[in-house]
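S.K.: Before we start, here is the structure in question, set down as structure tokens.
The values are calculated or read from the model by the stated rules, or taken from the named source; none is laboratory data. All figures in this text were calculated on a predicted structure; none of them were measured in a lab. Don't worry about glycine lacking a Cβ; one is built from the backbone with ideal geometry, like all the others, and counts go over all protein chains shown.
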Amino acid sequence: MSAAIFTPPQFSRENLLKIARTLPADVGVLAQLGTMLQDPNSDLDDVSKLLRRDVALATRIVRISNSAIYSQGTRVATIEDAVGRVGFGEILKLVGSATAARFTEQSLDIYGIPGKDLRNNMLYAAIATEALARPAGVDTRLAYTAGLLRPLGIMVLDYACRAHPGLSHRYASGLWPTYAAWEGSTLCLDSCEVAAIILEDLGFPDDITAAVRSHYLTKPQDYTCRLAALLNVSNGLASRVAYSFTGETAWWELTPEKLDAAGITVDDFEPAIMHTETAFETTLSAIAS
């Protein structure tokens with residue numbers, strides 16, 4: 001297929017943003033939640049009102065809050081009770097878990113990513129990025145959110161391709177070494193840039209947008225963004241335990257240069273990995289309950 005079929009009107013910024021707005025409302029909620037958590041004037045009632053806007057999300061949050069990790073032996077029935085139970089300290093992770101679980105309901109067929117693999121990567125990378133952010137001196141909430149939403153561009157391009165009647169070439173590892181190579185030759189687009197455009201449109205902080213845009217670390221200037229380097233290293237850890245995507249493994253080699261750019265050392269790995277493994281398994285258990 002000729003790449004010329006994929007003309008700008010088909011995959012324009014406006015059309016990609018339109019597709020992004022058809023995704024579950026969870027992504028937009030996360031943006032607003034992040035702003036609330038940074039505002040000292042926000043309270044738990046404000047958070048409850050925000051989460052209550054999406055009935056499906058609120059229902060899932062209540063269900064997860066009744067899992068063994070959160071329940072403390074008592075059940076809750078409302079979003080207000082669920083938010084009150086976990087408080088400001090854990091609400092982002094609770095919503096993040098619900099978001100990842102919701103995206104698992106549909107595989108990314110064009111990229112060949114099963115829904116379960118998408119969920120696992122989102123959660124593992126979010127938890128690992130947060131864990132590594134502590135010794136790096138980076139805001140852990142920004143790190144968690146960036147790790148969770150890192151594949152957003154892949155999701156949107158997958159949906160866009162499925163809606164395109166002329167598409168016949170799906171990603172195949174035997175033909176393209178990376179997703180980026182396939183995207184460039186077939187779509188004339190880049191999923192990292194697409195993700196950044198969407199995150200910016202939704203009002204996420206510039207730090208998250210810049211990190212997601214450059215986290216493959218393909219250019220020297222990308223190494224100047226500490227959060228981007230943390231995203232790369234955390235996905236390197238995810239790759240070691242098979243929670244990465246086939247078309248991205250080429251980007252995740254752990255090098256001294258990446259560790260230096262991320263502001264961490266090899267000694268930071270062991271506690272971060274131990275925390276990530278425990279938190280990841282606990283989160284999966286909560287989602288499945």
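S.K.: Being farther than 22 Å from VAL156 by Cα and in a loop (DSSP other than H, G, I, E, B) is the filter here, so list the residues in the range 219-251 that pass it.
M.R.: Residues satisfying the conditions are LYS219, CYS225, VAL241, ALA242.
S.K.: Could you tell me which residue of the range 252-289 is modelled with the lowest pLDDT, considering only residues that are small (Gly, Ala, Ser) and either closer than 23 Å to ILE61 by Cα or in a helix (DSSP H, G or I) (or both)?
M.R.: Going residue by residue through the range 252-289, those that are small (Gly, Ala, Ser) are 261-263, 272, 279, 285-286, 288-289.
Then keep just the ones that are either closer than 23 Å to ILE61 by Cα or in a helix (DSSP H, G or I) (or both); that gives 261-262, 272, 279, 285-286, 288-289.
On the way: ALA261: 98, ALA262: 98, ALA272: 94, ALA279: 94, SER285: 91, ALA286: 89, ALA288: 84, SER289: 71.
So, considering only residues that are small (Gly, Ala, Ser) and either closer than 23 Å to ILE61 by Cα or in a helix (DSSP H, G or I) (or both), the one modelled with the lowest pLDDT is SER289.
S.K.: Which one of ALA125, ALA131 is surrounded by 21 or more Cβ atoms within 10 Å (Cβ to Cβ) and under 12 Å from the mean Cα position of the chain (by Cα)?
M.R.: Details: ALA131 fails: under 12 Å from the mean Cα position of the chain (by Cα).
That would be ALA125, the only listed residue that is surrounded by 21 or more Cβ atoms within 10 Å (Cβ to Cβ) and under 12 Å from the mean Cα position of the chain (by Cα).
S.K.: I'd like the residue in the range 57-101 that is among the charged types (D, E, K, R) and either closer than 21 Å to LEU149 by Cβ or at pLDDT below 90 (or both) and, out of all such residues, is farthest from the chain's Cα centre (by Cα).
M.R.: Kept after step one, since they are among the charged types (D, E, K, R), are these residues of the range 57-101: 60, 63, 75, 80-81, 85, 90, 93.
Checking the rest, the ones that are also either closer than 21 Å to LEU149 by Cβ or at pLDDT below 90 (or both) come to 60, 75, 85, 90, 93.
Working: ARG60: 18, ARG75: 29, ARG85: 25, GLU90: 17, LYS93: 12 Å.
Among them, the one singled out is ARG75.
S.K.: VAL76 versus (1) part of a helix (DSSP H, G or I); (2) in contact (Cβ under 8 Å) with a residue 12 or more places away in the chain; (3) β-branched (Val, Ile, Thr): which is the lone unmet condition?
M.R.: So the condition that VAL76 fails would be (1).
S.K.: In addition: Cβ contacts < 7 Å: first residue farther than 19 Å from ARG240 by Cβ, restricted to the range 269-289; second residue polar (S, T, N, Q) and in a helix (DSSP H, G or I), any location; separation 6+ or different chain. Result?
M.R.: From the range 269-289, the pairs are ALA286/SER97; ILE287/SER97.
S.K.: On to the next question. Please determine whether any residue of the range 154-166 is touching an Asp or Glu at 6+ places or on another chain (Cβ under 6 Å) and surrounded by 18 or more Cβ atoms within 10 Å (Cβ to Cβ). Spell out the reasoning first.
M.R.: Looking only at the range 154-166, we keep the residues that are touching an Asp or Glu at 6+ places or on another chain (Cβ under 6 Å), and these are none.
No; the residues of the range 154-166 include none that is touching an Asp or Glu at 6+ places or on another chain (Cβ under 6 Å) and surrounded by 18 or more Cβ atoms within 10 Å (Cβ to Cβ).
S.K.: What do you reckon, is ASP201 in a helix (DSSP H, G or I), modelled with pLDDT under 95, in contact with a Leu (Cβ under 9 Å, 6 or more places away or on another chain) and crowded, with 23+ Cβ neighbours inside 10 Å? Break it down into steps so the answer makes sense when it comes.
M.R.: On the way: in a helix (DSSP H, G or I): yes; modelled with pLDDT under 95: yes; in contact with a Leu (Cβ under 9 Å, 6 or more places away or on another chain): yes; crowded, with 23+ Cβ neighbours inside 10 Å: no.
No, not satisfied.
S.K.: How many residues are modelled with pLDDT under 95 and at positive phi if we restrict to the range 114-164?
M.R.: So the count comes out to 0.
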